[in-house]
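The values are calculated or read from the model by the stated rules, or taken from the named source; none is laboratory data. Because the structure is a prediction, the values reported are computed rather than measured. Backbone-built Cβ (ideal geometry, glycine too); neighbour counts: all protein chains shown. To get the accessible areas, we keep the full protein, side chains included, count just its heavy atoms, and leave off ligands, DNA and RNA. Shrake-Rupley method; radii C 1.70, N 1.55, O 1.52, S 1.80 Å.
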Amino acid sequence: MPSHPVSVVTGASRGIGRAIAMRLARTHRVVGVGRDRAALAQVVDDIAGSGGEAEALPLDVTDADAVARGLSGRAVDVLVHNAGVGVMKPLLELTPAEWQRMMDVNVNALYHVTRALLPGMVERGRGHVVIIGSIAGRSAFVGGAGYATTKHAVMGFAENLMLEVRDAGVKVSVVSPGSVATGFSGHGGPRASAQLRPDGGAAAVMSVVDPPPEVLVHRLEVRVLSPNRKG
Ligand SMILES: NC(=O)c1ccc[n+]([C@@H]2O[C@H](COP(=O)([O-])OP(=O)(O)OC[C@H]3O[C@@H](n4cnc5c(N)ncnc54)[C@H](OP(=O)(O)O)[C@@H]3O)[C@@H](O)[C@H]2O)c1
């Protein structure tokens, strides 16, 4: 029997990444990456409980050595860069540490994780890198000087990488959600009904992963249909 394709999901311990891991596990063996060991172990158990197969890989995506040790050389079909942090503050209130953390997790980690897995994809002539961007990656808002800057960088990274590796048979996609009801940046409070659910983000990821091999969905924006609708 052929073995399942393998997917790596960063930030699989909660929120959108957890939903992506659960959804991909219907068809893939999932490697879930994050720092919270207990939460990752729970995701692995939940996947096993649904008949899927998963592995927890606890690591910090900003740690280049840990990423190389944990991921280099693995044969991976789908890599979902989902790990992200957001501190929404005007620039003058944003501390150097907050700025640096957003740059490290949202931008620099793309380099570390992609560098670990892309060589194998290019060598095999197939693979798919999916990056979770944000509508903040093409718009501006007060408090977005740090976070929106990182998500603009994500858009640039994704399009440049797509042009670089498409002829090697590797797809690159960016999925950009609007507001999603997770614990991200204080979300998920009273506005939760006006937000996408994490499952909505996962469904969007599947809609870029599912098309046939010759079809590339490079950019996808996803929103809740009606933020003002009651119920
Ligand atoms: N929620 C929204 O409204 C929204 C909208 C558009 C885009 N997004 C994007 O969607 C992605 C997921 O957001 P979310 O709402 O699901 O956030 P979340 O619930 O806060 O989850 C963030 C995930 O990132 C992981 N993570 C953070 N720093 C990490 C690090 N240094 N190393 C490894 N993993 C790390 C966390 O895992 P550990 O704590 O276990 O490390 C966690 O699993 C982010 O890229 C975010 O920018 C979110």
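Which residues, counting only those in the stretch 144-155, are within 16 Å of Y111 (Cα to Cα) and open to solvent by 30 Å² or more (accessible area, probe 1.4 Å)?
H152, A153 - these are the residues of the stretch 144-155 that are within 16 Å of Y111 (Cα to Cα) and open to solvent by 30 Å² or more (accessible area, probe 1.4 Å).
Suppose we filter S134, S193, S139 for residues that are among the hydroxyl-bearing types (S, T, Y) and at pLDDT below 95; which single one remains?
Residue meeting the stated conditions: S193.
Could you tell me whether any residue of the stretch 75-86 is open to solvent by 70 Å² or more (accessible area, probe 1.4 Å) and either in contact (Cβ under 8 Å) with a residue 40 or more places away in the chain or within 24 Å of F184 (Cβ to Cβ) (or both)?
Scanning the stretch 75-86, I find no residue that is open to solvent by 70 Å² or more (accessible area, probe 1.4 Å) and either in contact (Cβ under 8 Å) with a residue 40 or more places away in the chain or within 24 Å of F184 (Cβ to Cβ) (or both), so the answer is no.
Select from the stretch 87-145 the residues that are hydroxyl-bearing (S, T, Y) and either within 12 Å of the ligand (Cβ to nearest atom) or under 17 Å from V61 (Cβ atoms) (or both) and list them in ascending order. First the steps, then the outcome.
Taking the stretch 87-145 first, the residues hydroxyl-bearing (S, T, Y) are 95, 111, 114, 134, 139.
Those that are hydroxyl-bearing (S, T, Y) and either within 12 Å of the ligand (Cβ to nearest atom) or under 17 Å from V61 (Cβ atoms) (or both): Y111, T114, S134, S139.
Which of the residues that make up the stretch 15-31 are closer than 23 Å to A68 by Cα and either part of a loop (DSSP other than H, G, I, E, B) or open to solvent by 10 Å² or more (accessible area, probe 1.4 Å) (or both)?
Residues satisfying the conditions are R18, H28, R29.
Among the candidates V208, V174, V217, single out the residue that is part of a loop (DSSP other than H, G, I, E, B), of a type in the set (V, I, T) and at pLDDT 95 or above.
Working: V208 fails: part of a loop (DSSP other than H, G, I, E, B); V174 fails: part of a loop (DSSP other than H, G, I, E, B).
Just a single option satisfies the conditions, and that option is V217.
Please go through the stretch 87-102 and give me each residue that is open to solvent by less than 60 Å² (accessible area, probe 1.4 Å), more than 25 Å from A204 (Cα to Cα) and among the hydrophobic types (A, V, I, L, M, F, W, C), ordered by number.
L94, the sole residue that qualifies.
Mind checking which residues of the stretch 108-141 are β-branched (V, I, T), part of a helix (DSSP H, G or I) and open to solvent by less than 40 Å² (accessible area, probe 1.4 Å)?
Selection gives V113, T114, I135.
How many residues, within the stretch 60-74, are open to solvent by less than 20 Å² (accessible area, probe 1.4 Å) and either in a helix (DSSP H, G or I) or farther than 17 Å from L40 by Cβ (or both)?
Counting residues in the stretch 60-74 that are open to solvent by less than 20 Å² (accessible area, probe 1.4 Å) and either in a helix (DSSP H, G or I) or farther than 17 Å from L40 by Cβ (or both) gives 4.
Filter the stretch 155-171 down to residues that are within 16 Å of the ligand (Cβ to nearest atom) and either aromatic (F, W, Y) or closer than 16 Å to G127 by Cα (or both), then give me how many there are.
Here the count works out to 2.
Check S185 against each of (1) modelled with pLDDT of 95 or more; (2) within 15 Å of the ligand (Cβ to nearest atom); (3) open to solvent by 40 Å² or more (accessible area, probe 1.4 Å) and name the one condition it does not meet.
The single condition S185 does not satisfy is (1).
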